[in-house]
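The values are calculated or read from the model by the stated rules, or taken from the named source; none is laboratory data. Model, not experiment: these values are computed from the prediction. For neighbour counting, all protein chains shown are included, and Cβ atoms are generated from backbone atoms with ideal geometry for every residue, glycine included. The accessibility values were calculated without ligands, DNA or RNA, using every heavy atom of the protein model including side chains. Shrake-Rupley method; radii C 1.70, N 1.55, O 1.52, S 1.80 Å.
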Amino acid sequence: MLSTVIPIAFALVSLAFLLSFWRLLRGPDAPDRILALDTLYVNTIALLVLLGIHLGSAIYFEAALLIAMMGFVGTVALCKYLLRGDIIE
């Protein structure tokens with residue numbers, strides 16, 4: 001069953017990745033672009049987890065965890081910069 005579901009999931013998550021990237025390029029405002037960047041992190045994590053399941057390797061899960069942490073820190077820093085104009089207080 002996984003041999004059927006994983007390629008379908010790859011296709012759908014890749015489509016979501018491309019749509020998020022399109023929103024990142026064409027977003028009308030900075031908050032829309034930040035949200036698109038955050039969605040790109042989530043889509044990248046999903047692709048890495050799917051690749052790890054497909055290949056049976058645990059290293060992809062660790063890479064997904066690192067991207068999740070860096071994505072969270074990046075999103076918080078960008079939002080703080082948008083709100084206050086300064087990251088470090």
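The set of residues in region 1-36 being open to solvent by less than 50 Å² (accessible area, probe 1.4 Å) and free of Cβ contacts under 8 Å to residues at least 24 places away in the same chain consists of Ser20, Leu24, Gly27, Ala36. For region 37-76, the set of residues classified as out of contact with any Gly (no Cβ under 9 Å at 6 or more places or on another chain) and either under 19 Å from Leu15 (Cβ atoms) or in contact (Cβ under 8 Å) with a residue 60 or more places away in the chain (or both) consists of Thr39, Asn43, Ala46, Leu47, Leu48, Val49, Leu50, Leu51, Ile53, His54, listed by residue number. Against the conditions (1) more than 19 Å from the chain's Cα centre (by Cα); (2) open to solvent by less than 50 Å² (accessible area, probe 1.4 Å); (3) not charged (D, E, K, R), Leu82 satisfies every one except (2).
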